[in-house]
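Just below is one structure, and these are the notes that go with it.
The values are calculated or read from the model by the stated rules, or taken from the named source; none is laboratory data. Quantities reported herein were computed from a predicted structural model and do not represent experimental measurements. Note that we place each Cβ from the backbone using ideal geometry, even for glycine, and neighbour counts take in every protein chain shown.
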């Protein structure tokens, strides 16, 4: 007499259990990441009396009064937010140009000088930013570059160009040299090859680099705090001034400013997420 078959296939049950664990892990990560953002946005829409008295996201009335108060009491915040945008965009663009050209050089050329410069970039990248700012301060004063957007753009580019170069080198290393040889046989010069062949095939690496630089430049506090005072002041500095205001912290205004600081970079990462995923996974599977 044959034994009865189990109601559930053990292999199917194991597969279902692993799938459920993965779903729970993903849900936990999403909750961990999204809840603080949702809480900040929710707090910015609450009346001041409800901000510290209700920890829940629901059960309170919402208002845009905090944003109106932010406009009235801290009008410079919006100017500084524009400064953050321009500095982040220009620093990202400059870093992409330098990283792409240098990444191609490191990928297609070799030599002792290139190897030494590569190790030098890695060593500099490992240093804490505060260590670099101290010797830079007198040089910046001598060049009269204090409190300029140009200085912030150069600093952010210099700080992240090493990472960008290695990202672009990794991408360009995966491109077959036969493409460049074929283009050369057809009469294409170096710049034509870079623009028409290498650049379109390296977009995922450029997007990955852009995300790193954009997020850093948008949120940076240290460089902006040390090297700016009025004209080039960025949004994170104004938010820190709100926290240390003499007349006390207006939490509604603070959460409104934090929301306006947070939403643009979230929108940027959301728009490029599919390209970012493609860039981070490129080369992981070989055909």
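Scanning the stretch 169-177 turns up no residue that is under 16 Å from residue 96 (Cα atoms), within 25 Å of the chain's Cα centre (by Cα) and assigned to a loop (DSSP other than H, G, I, E, B). Test residue 219 against the stated conditions and say whether it is touching a helix residue (DSSP H, G or I) at 6+ places or on another chain (Cβ under 7 Å), surrounded by fewer than 20 Cβ atoms within 10 Å (Cβ to Cβ), modelled with pLDDT of 85 or more and within 30 Å of residue 274 (Cβ to Cβ). For residue 219, the condition - touching a helix residue (DSSP H, G or I) at 6+ places or on another chain (Cβ under 7 Å), surrounded by fewer than 20 Cβ atoms within 10 Å (Cβ to Cβ), modelled with pLDDT of 85 or more and within 30 Å of residue 274 (Cβ to Cβ) - is met.
Checked against (1) over 30 Å from residue 177 (Cβ atoms); (2) in contact with a helix residue (DSSP H, G or I) (Cβ under 7 Å, 6 or more places away or on another chain); (3) touching a residue at least 40 places away in the same chain (Cβ under 8 Å), residue 249 meets all criteria but (3). Here 98, 154 are screened, and the one residue that is farther than 22 Å from residue 83 by Cα, at pLDDT 90 or above and surrounded by 14 or more Cβ atoms within 10 Å (Cβ to Cβ) is 98.
Looking only at residues of the stretch 195-227 that are outside any helix (DSSP H, G or I) and touching a residue at least 60 places away in the same chain (Cβ under 8 Å), we find that the one that is farthest from residue 170 (Cα to Cα) is 220.
Would you mind stating whether residue 131 is modelled with pLDDT under 85, loosely packed, with under 13 Cβ neighbours inside 10 Å and either assigned to a helix (DSSP H, G or I) or touching a strand residue (DSSP E or B) at 6+ places or on another chain (Cβ under 6 Å) (or both)? Considered against the rule, which asks whether it is modelled with pLDDT under 85, loosely packed, with under 13 Cβ neighbours inside 10 Å and either assigned to a helix (DSSP H, G or I) or touching a strand residue (DSSP E or B) at 6+ places or on another chain (Cβ under 6 Å) (or both), residue 131 comes out as yes.
Here is a yes/no grid of residues against (1) assigned to a helix (DSSP H, G or I); (2) over 28 Å from residue 149 (Cβ atoms); (3) at pLDDT 85 or above:
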residue: 27; (1), (2), (3): yes, yes, no
residue: 31; (1), (2), (3): yes, yes, no
residue: 34; (1), (2), (3): yes, yes, no
residue: 39; (1), (2), (3): yes, yes, no
residue: 53; (1), (2), (3): no, yes, no
residue: 57; (1), (2), (3): no, yes, no
residue: 66; (1), (2), (3): yes, yes, yes
residue: 83; (1), (2), (3): yes, no, yes
residue: 91; (1), (2), (3): yes, no, yes
